[in-house]
Amino acid sequence: MTTLSCAHIISRFSLSAPTEISTYRHPKRQSAVMMLLSDSPQGAQVLLCKRASHLRHHPSQLCFAGGKQEREDKSLKHTALRELHEELNIPSNKVDVIGRLPQISTLGDVVITPYLGYLQPNTRWQIDQNEVETAFFVPLSTLCLQSNWHTLSVARAKRTLNFKVLNTPHGLLWGATERIIHQFISHHGLIS
């Protein structure tokens, strides 16, 4: 795959952004995340977080910054930006929100609305150690290369579930975050 800049990715997204929002039965179980792109000399990269190990839900999992919608949030986009600020201390004026990605539903019936954003150059962040162990970039080219992904089989409730996983220096990338990434790269023809 050729090296793609954020401008190229954003251009592709703008031409084929989702037009509809799915509706789910659990409006109280809404959450939003921010898939942040940034430029590097090697091309576009994606910012990921590793959740703190002491958290009750999904400890040490890799994810996008985000979380549950609160009553005071004006929109799910506001939720994603608020959580980004709370978790990584990145103010909303340092993020250009490009648009919304298709919603997904988790095994626990939480509906996640992902947003695509561009992190302005030279933006610094500081993790909130109560929520995040670390934050790091993964090259988009690494995420797009299908040979980097493997299948993990897990027995749950008397059935076997197969998950796509990617090994990173900070642990396995899988679950809802993997599904958001694969939807994004598949929809925009970035798979290699």
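The values are calculated or read from the model by the stated rules, or taken from the named source; none is laboratory data. Nothing here was measured: the structure is a model prediction, and the numbers come from that model. Glycine also receives a Cβ, built like all others from the backbone with ideal geometry; neighbour counts cover every protein chain displayed.
Take LYS50 and decide whether it is over 18 Å from GLN120 (Cβ atoms) and either in a strand (DSSP E or B) or in contact with a strand residue (DSSP E or B) (Cβ under 6 Å, 6 or more places away or on another chain) (or both).
Numbers: over 18 Å from GLN120 (Cβ atoms): yes; either in a strand (DSSP E or B) or in contact with a strand residue (DSSP E or B) (Cβ under 6 Å, 6 or more places away or on another chain) (or both): yes.
So LYS50 passes the test.
Go through (1) in contact with a helix residue (DSSP H, G or I) (Cβ under 7 Å, 6 or more places away or on another chain); (2) not in a strand (DSSP E or B) one by one and return the number of the condition SER147 breaks.
(1)
If we only count strands (runs of 3 or more DSSP E) wholly inside region 54-136, which ones have 2 or more residues that are free of Cβ contacts under 8 Å to residues at least 60 places away in the same chain and within 14 Å of the chain's Cα centre (by Cα)? Break it down stepwise before answering.
Details: elements: 65-68, 95-100, 111-119.
Counting at least 2 such residues, we get 65-68.
Kindly indicate whether VAL154 is on the phi < 0 side of the Ramachandran plot, loosely packed, with under 13 Cβ neighbours inside 10 Å and not in a helix (DSSP H, G or I).
Values: on the phi < 0 side of the Ramachandran plot: yes; loosely packed, with under 13 Cβ neighbours inside 10 Å: yes; not in a helix (DSSP H, G or I): yes.
Against the criterion (on the phi < 0 side of the Ramachandran plot, loosely packed, with under 13 Cβ neighbours inside 10 Å and not in a helix (DSSP H, G or I)), VAL154 qualifies.
Just one of the numbered conditions (1) within 22 Å of LEU143 (Cα to Cα); (2) at pLDDT below 95 is not true of PHE64; which one?
For PHE64, the failing item is (2).
Here are LEU37, LEU4: which of them is at pLDDT 90 or above, outside any helix (DSSP H, G or I) and surrounded by 12 or more Cβ atoms within 10 Å (Cβ to Cβ)?
Working: LEU4 fails: at pLDDT 90 or above.
Only one candidate qualifies: LEU37.
Check ILE185 against each of (1) part of a helix (DSSP H, G or I); (2) out of contact with any helix residue (DSSP H, G or I) (no Cβ under 9 Å at 6 or more places or on another chain) and name the one condition it does not meet.
Tallying (1) part of a helix (DSSP H, G or I); (2) out of contact with any helix residue (DSSP H, G or I) (no Cβ under 9 Å at 6 or more places or on another chain), ILE185 fails exactly one: (2).
Is it the case that THR151 is within 20 Å of SER38 (Cα to Cα) and not hydrophobic (A, V, I, L, M, F, W, C)? Steps first, please.
Working: within 20 Å of SER38 (Cα to Cα): no; not hydrophobic (A, V, I, L, M, F, W, C): yes.
For THR151, the condition - within 20 Å of SER38 (Cα to Cα) and not hydrophobic (A, V, I, L, M, F, W, C) - is not met.
Just name the residue that is farthest from PRO102 (Cα to Cα) out of those in region 172-192 that are of a type in the set (Gly, Ala, Ser) and surrounded by 17 or more Cβ atoms within 10 Å (Cβ to Cβ).
Of region 172-192, the ones of a type in the set (Gly, Ala, Ser) are 175-176, 186, 189, 192.
Now drop any that are not surrounded by 17 or more Cβ atoms within 10 Å (Cβ to Cβ), which leaves 175-176.
Numbers: GLY175: 15, ALA176: 12 Å.
Among residues in region 172-192 that are of a type in the set (Gly, Ala, Ser) and surrounded by 17 or more Cβ atoms within 10 Å (Cβ to Cβ), the one farthest from PRO102 (Cα to Cα) is GLY175.
Here is a check on your reading of the model: is TRP174 among the aromatic types (Phe, Trp, Tyr) and under 16 Å from the mean Cα position of the chain (by Cα)? Steps first, answer last, please.
Details: among the aromatic types (Phe, Trp, Tyr): yes; under 16 Å from the mean Cα position of the chain (by Cα): yes.
So TRP174 passes the test.
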